[in-house]
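**Student:** What follows is a structure written as structure tokens; I'll ask about it next.
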Amino acid sequence: MQTESRRLPLFTFPVLAILLVGSGCTTLPMMNKSDADAAKVEQGPQYIVEILDENHRGETKKLPLTEGATVQTAIEASRANRKFSRFHVAVSRLPAYPGAPPQKLVSGYDHVGKQVPMEYDYSLRPGDRVVILKDTSNSMDDMFGSVLNPLRMMGGNETVGANPLQYD
């Protein structure tokens, strides 16, 4: 009694390969033009904005770097000025050469004028990280801070209204 072989003929694999290659990539989804444009924007120069509350929890946003972008532009683009009424701002810049520590540019924000003063409105570069930290001080701290801060320091507490990003 002879047994039949259930093997496929030798030419089956090349025929299947030709059919797959010849059918094209019709099963793969095609990228439309708007997706391609969005991918090009993402590949361009970017900067990062970190928005942190008083407990250092928050969100991170990657924004495209436009020509003439400054710290004020980053604040408005991330909408941090609508989320917090008072905050501190600093920029962490990538080092100029490998192995160097990042450069830290502490900026100020005028919460009354709702803008960054011109001397602190640094121009942004690709890869910059803008850190925005909520300020928990209030108008009473503004009025009595110069009197109460020395007393707080003598008691071992931190001063109110000082930029914590300045000493990191």
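Every read-out reported here was derived from the displayed coordinates using simple, explicitly stated rules and does not represent laboratory data. Because the structure is a prediction, the values reported are computed rather than measured. Every residue, glycine as well, gets a Cβ built from its backbone with ideal geometry; the counts of neighbours run over all protein chains shown.
**Student:** What FRET efficiency do you get for Gln115 and Gln43 if R0 is 30 Å and r is their Cβ-Cβ distance, rounded to the nearest 0.05?
**Tutor:** Approximately 0.45, to the nearest 0.05.
**Student:** Using modelled backbone amide H atoms (1.01 Å from N, in-plane), which distant-in-sequence or interchain residues come within less than 5 Å of Gln46's amide H?
**Tutor:** The list, which skips near neighbours in sequence, is Leu65, Gly127.
**Student:** Order these peptides, 78-88, 92-102, 117-127, 52-62, by their mean beta-carbon neighbour count within 10 angstrom, highest first.
**Tutor:** Taking the mean over residues of other Cβ atoms within 10 Å, the ranking is 78-88, 117-127, 52-62, 92-102.
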